[in-house]
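What follows is a single structure, written as structure tokens, with notes after it.
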Amino acid sequence: MKKIILAAALLSATALSAAAQTSAPATSTDGNTPAVATPETKNPTAPVEGANSFTEEQAKTRIEEAGYSEVKDLKKDDKGIWMASGMKDGKPAMIALDYQGNVVAK
């Protein structure tokens, strides 16, 4: 009976550690974790609220680099997110840019 309880405890501990490993974000082996999104990555919870240090011109450039054109009405809201309207693939879109550099259509 003790062996069954011990086996169940070990199995539970292994399953919990495996679940924790899959839910944690990937880390860099050199200790350098970027604070902003790169073209290859995007925070799945974007746009993220926070103090945004992008200037208006930097925000517009970042949005255009993400494939949007005719970017206009660019304004930073009270949550630190740059909001704009524009076009992508010939369709109108509302666009958000957060402090991490994530560009998302709203």
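The values are calculated or read from the model by the stated rules, or taken from the named source; none is laboratory data. Remember, it's a predicted structure, so these values are computed and weren't measured experimentally. No Cβ is skipped: glycine too gets one built from the backbone with ideal geometry, and neighbour counts run over all protein chains shown. Side chains are part of the model used for accessible areas, which takes the heavy atoms of the whole protein and leaves out ligands, DNA and RNA. Shrake-Rupley method; radii C 1.70, N 1.55, O 1.52, S 1.80 Å.
Which of the residues belonging to the range 45-83 are among the β-branched types (V, I, T) and in contact (Cβ under 8 Å) with a residue 24 or more places away in the chain?
Across the range 45-83, the qualifying residues are V48, I63, V71, I81.
Just to be sure I understand, how many residues within the range 40-82 are crowded, with 16+ Cβ neighbours inside 10 Å and either within 12 Å of Q100 (Cα to Cα) or within 16 Å of the chain's Cα centre (by Cα) (or both)?
So the count comes out to 12.
Restricting attention to the range 83-95, which residues are farther than 12 Å from A59 by Cα and open to solvent by less than 90 Å² (accessible area, probe 1.4 Å)?
Of the range 83-95, the ones farther than 12 Å from A59 by Cα are 85-94.
Those that are farther than 12 Å from A59 by Cα and open to solvent by less than 90 Å² (accessible area, probe 1.4 Å): S85, G86, M87, K88, G90, A93.
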